[in-house]
Amino acid sequence: MALSAVSQATFLLALLSFRTYQSEVLSEPLLLTPESLKVSINSTQQCLHLQWRIYSLTYHQELKMIFQIEISRIKTSNVIWAEKYSTIVKWDQVLQWSWESELPLECATHFVRVRSMVDDARVLEPRFWSSWTSWEEVDVQNSLGHDPLFVFPKDKLVEEGSNVTICYISRSPRNNISCYLEDVQIYGEQLDPNVSVFNLNNVPFIRKRGTNFFCKVNESDVIKGIVLFVSKVLEEPKDFSCETRDFKTLKCAWDPGTDTGLPKYSFQSYSLFESFSGKKKVCEHRNWCTWQVAQDSQETYNFTLLAENYLRSRSVNISFNLTHRVHPMTPFNVVLENISATNASMTWKVHSIGNNFTFLCQIELHGEGKVIQHNVSIEMNGQYFLSELEPVTEYMTRVRCAAANHFWKWSEWIGQNFSTLEAGVFRPPLSKLHAGGKILFYNVVIENLERPSSLKLLSIPAPANGTELTLDQGSYQIYVTANNSMGTSPTSVIVISRDSGSEEVKEGRVQGTEDGFFMSWKPQSGDAIGYVVDWCDRPRDQACDLQWENLGPKTTSTIISSDAFRPGVRYNFRIYGISTKKIAYLLERKTGYSKELAPSDNPQVVISNLTSHSFNLSWKDYSIDSQPGFIQGYHVYLKSKAEQCQPGFEKAVLSDNSVCCKHKIDSPEQKTFLVEHLQPESFYEFLVTPYTSVGEGPHDTFTKVTTPDEYSHVLIRIILPMIFCLLLIMILCYLKTQWMKEKCYPDIPDPYKSSVLSLIKSKENPHLTIMNVNDCIPDAIEVVNKPEGRKIQFSGARKSLTETECTKPVYLYLLPTENYSSPGPCICFENFTYNQAASDSGSCGHVSIPPEAPPSQLGLLTSPENLLKTLDKNYVNSLGEISAGESSLNYVSQLASPLSGDKDSFPTNPPMSEYKMQMAVPLGLTSPSPSENSSLSSIALLDHGEHCR
């Protein structure tokens, strides 16, 4: 007892210690370094296999970890592959990872290293990477032997259209080695002095025995080579279907396509997987397989057919109800009995499938170059009465059967020949229907079933055998009788159903066969006196040639056949029930093709939302109803220079043997697709083609598209607003041109057109255009002179002048006083041009004032009246009378610049900083010294070319 207590205490203590240690481990950062890294080589598959362990885990401990693996080539710094591998690591577990190399491993030395990080939710962050393992070197060249030349890889198996890398290894550096692919010399890239590499893109299938590649040393008999085995691309199985003949065994068949087997690599297998039962079976044949039907009354099956070879796998799926895939066995025991001159009775038997299973059997009677068909429904034993036969005639009759409720396929025909007997001399009298005689006319009565009181009678004279009727969209019943001299024939009745466009009835699909379209429908609840199936023989024409077939009240299936049915044309069928009131009502709609064809054209695809990494395709205007088959989806093909397939795409070989990437869209209603994972500034080609059960559309011209730069959209967002703003500014400037011109550079007025001249009222010259001096009455004169070395100051003057500052001729400036209010006329000069215009007119001369003239000679008039008198005496007549050496008269604005033709005509810097009205007087006038009461504003002397202060 004591020993048991001690054992329990020891166990609990050990368990507590283990839990405490585990808690401490999980609460602290773990650094578990990979150890015992081993690298092995599979030369056949050109793979590196890595193995390592994590020894730091405790017993039964499990952690989720991430391993980072790096592979270098030739030298450790040249990392060519880096990948993260995540897995659950257990105690004492050997971890494995494989990597397939495009370059044969024999061609270069490889280095591998690994590090790890714990990624378990139980471990607190932060998490850290462990240290790297040491580099493991993989060098195969040391074990090759001493041959002078090697070529790798050996016996490589690739798929048609793939890319392959081949290399040769020379034991000594050589420049005289030539390599050939099927006797065509090719050139490679030197990897190191002893190794050259050849990149073969889009390798073709040449022969089943393989493609030859060899290298030889020139001027030597050393030749080494390999056989490159190129297989056809494994195709997706087509026309996959399953059926039963006895509800005991299912037989599934398919079209495997091109055989990809090669003499050395003949592996190509097919297997069936049923998802509901979870069972799988490997098929013994390339194109069919059997499956035992479950005995637990399983009706629905979901099969996946998987095709595999060494390089890839393909799969197709099918789901169906077992009762909808019944292919009955051939009827047997056909017997013809009670044969007479005009009649015979035919019986046969069918293989039983199950209780209450109904067969639809078709009987054909061949005789006298005619074929007559009859349909009959049976359950076990069949019987049919053949009537209206010709005496002493050879006939052949045959029968075949199918499932009546869910038509799938006809059984094989079984038939028998027979002959009718000779008829007696006397025959019973014929009925009126079979009586001879010339038909005189036909009566056609048209009854509107929706308005029974509305009847219309037409009489059609013989020999016509038809007429055209114009009807509305209502229901009609038409009665036709033939009339001769003996009376009227029995009535033939035709029921025309009303338009059903407003009736919402789900449309079903029906598959045509060589014999026609099989139609079946659910029987009505006893109130139907018959059924009508109508269709158009030429549905694409405006006059569609409407056809119909009348059926009895107990018939719920039929086969519609017509010589007008054409492959690739969609036919629409309507099944009507005829009520006891002879009103037709729509039961079902069905549509189908007698034979589906591949699409004849491809949709017009629009590209939108083009970015550097994706673009969108749409073909919303593509009509799937006008195609020669039921559109099941679309294939999107994409070509690129990189020849790398984006996620969701797989490699495919087109009819012209070109290789591209293909994406399958399973829904015919999906008419948009986003192509993603593209490279910026890359060139792509795409094609969208629909496919039916028969095949896909034509592989016509691919559409080209180039992805933009990754940052082009950003530049566009910046540049476009700038351009818009610039255009807006230009438009505003254009609209405000006149305003800017007036503000910045106003027009120079023409003195001849100035309105100032209108102020002068001269009696002698009413049309005055040039101002004369006597037209202006000045109020002040400012005479500017600057003798060298002297300073002159006048009373009331605005400025003082230093004599030494000016030595050149001076000019007169006429300035108005600020308080001038005389009513006399005066001329104002508005800008600089008037000076030039006046000079050019010859009305004023230029007279220089000698610089040595004393200031007293530059006297000023004390009043405007005296000034005018002096002007009248000395200047009014003509300016030409003043000698050029004595005086000068010039009209100068204070802001004027020198004339272009005479640089010395007047100062460049006027003494005034604002516009003032000016008038001109001749020089040489004398006057007493100005007084304080004088109205003169100032006297100043100006240099010839500068402003004197």
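The values are calculated or read from the model by the stated rules, or taken from the named source; none is laboratory data. The structure presented is a predicted model; accordingly, all values stated were derived computationally and were not measured. Quick reminder, even Gly has a Cβ in these numbers, built from the backbone with ideal geometry, and neighbours come from all protein chains shown. The area values use the complete protein model at the heavy-atom level, side chains included, leaving out ligands, DNA and RNA. Shrake-Rupley method; radii C 1.70, N 1.55, O 1.52, S 1.80 Å.
Overview of results
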{"quantity": "Looking only at segment 439-463, and only at residues there that are part of a loop (DSSP other than H, G, I, E, B) and touching a residue at least 40 places away in the same chain (Cβ under 8 Å), the one that is surrounded by the fewest Cβ atoms within 10 Å (Cβ to Cβ)", "calculated": "Glu450"}
{"quantity": "Count - residues of segment 363-393 that are touching a residue at least 24 places away in the same chain (Cβ under 8 Å), hydrophobic (A, V, I, L, M, F, W, C) and open to solvent by less than 50 Å² (accessible area, probe 1.4 Å)", "calculated": "5"}
{"quantity": "Filter result for the condition that a residue is modelled with pLDDT of 90 or more and acidic (Asp, Glu), over Glu125, Glu136", "calculated": "Glu136"}
{"quantity": "Among (1) exposed (fewer than 15 other Cβ atoms within 10 Å of the Cβ); (2) under 56 Å from the mean Cα position of the chain (by Cα) - the single one Asn333 does not satisfy", "calculated": "(2)"}
{"quantity": "Residue count, segment 260-279 (criterion: open to solvent by 70 Å² or more (accessible area, probe 1.4 Å) and closer than 15 Å to Leu306 by Cα)", "calculated": "3"}
{"quantity": "Selection from segment 107-128 of residues that are among the aromatic types (Phe, Trp, Tyr) and outside any loop (DSSP other than H, G, I, E, B)", "calculated": "Phe111"}
{"quantity": "Residues that are among the hydrophobic types (A, V, I, L, M, F, W, C) and under 27 Å from Glu504 (Cβ atoms), drawn from segment 567-613", "calculated": "Val569, Phe573, Ile575, Ile578, Ile583, Ala584, Leu586, Leu587"}
{"quantity": "Subset of segment 237-253 (residues that are in a loop (DSSP other than H, G, I, E, B) and open to solvent by 70 Å² or more (accessible area, probe 1.4 Å))", "calculated": "Arg245, Lys248"}
{"quantity": "Selection from segment 71-114 of residues that are at pLDDT 95 or above and charged (D, E, K, R)", "calculated": "Arg113"}
{"quantity": "Any hit, segment 501-511, residues being modelled with pLDDT under 85, closer than 30 Å to Gly592 by Cβ and hydrophobic (A, V, I, L, M, F, W, C)", "calculated": "yes"}
{"quantity": "Matching strands (runs of 3 or more DSSP E) fully within segment 493-612 where at least 1 residues are surrounded by 16 or more Cβ atoms within 10 Å (Cβ to Cβ)", "calculated": "516-520, 528-536, 546-551, 557-560, 570-579, 584-593"}
{"quantity": "Qualifying strands (runs of 3 or more DSSP E) (wholly inside segment 280-326; at least 1 residues being exposed (fewer than 14 other Cβ atoms within 10 Å of the Cβ), in contact with a helix residue (DSSP H, G or I) (Cβ under 9 Å, 6 or more places away or on another chain) and not acidic (Asp, Glu))", "calculated": "300-309"}
{"quantity": "Residue among Asp666, Asp656, Asp625 that is within 19 Å of the chain's Cα centre (by Cα) and either surrounded by fewer than 18 Cβ atoms within 10 Å (Cβ to Cβ) or closer than 30 Å to Lys595 by Cα (or both)", "calculated": "Asp666"}
{"quantity": "Condition met for Val371 (out of contact with any Cys (no Cβ under 7 Å at 6 or more places or on another chain) and of a type outside the set (Ser, Thr, Tyr))", "calculated": "yes"}
{"quantity": "Which listed residue is of a type in the set (A, V, I, L, M), surrounded by fewer than 18 Cβ atoms within 10 Å (Cβ to Cβ) and at negative phi, from Ile88, Ile74", "calculated": "Ile88"}
{"quantity": "Given (1) free of Cβ contacts under 8 Å to residues at least 12 places away in the same chain; (2) among the aliphatic types (A, V, I, L, M); (3) open to solvent by less than 70 Å² (accessible area, probe 1.4 Å), number of the condition Val184 does not satisfy", "calculated": "(3)"}
{"quantity": "Strands (runs of 3 or more DSSP E) fully within segment 635-714 counting 3 or more residues that are under 24 Å from Thr260 (Cβ atoms)", "calculated": "650-653, 659-665"}
{"quantity": "Set Thr244, Thr258: member being under 38 Å from the mean Cα position of the chain (by Cα) and in the same structural domain as Asn309 (by the TED database)", "calculated": "Thr258"}
{"quantity": "Residue in segment 679-695 that is in contact with a Lys or Arg (Cβ under 9 Å, 6 or more places away or on another chain), over 30 Å from Ser594 (Cβ atoms) and of a type in the set (D, E, K, R) present", "calculated": "yes"}
{"quantity": "Selection status of Thr211, crowded, with 16+ Cβ neighbours inside 10 Å and in contact with a Pro (Cβ under 9 Å, 6 or more places away or on another chain)", "calculated": "yes"}
{"quantity": "Yes/no for Ser131 being closer than 28 Å to Gln51 by Cβ and in a loop (DSSP other than H, G, I, E, B)", "calculated": "yes"}
{"quantity": "Unique match (being farther than 30 Å from Arg451 by Cβ, in contact with a Ser or Thr (Cβ under 6 Å, 6 or more places away or on another chain) and among the small types (Gly, Ala, Ser)) among Gly568, Gly516", "calculated": "Gly516"}
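Rundown of residues vs (1) buried (at least 20 other Cβ atoms within 10 Å of the Cβ); (2) in contact (Cβ under 8 Å) with a residue 12 or more places away in the chain, yes/no style:
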| position | (1), (2) |
| --- | --- |
| Trp99 | no, yes |
| Glu102 | no, yes |
| Asn142 | no, no |
| Pro153 | yes, yes |
| Gln190 | no, no |
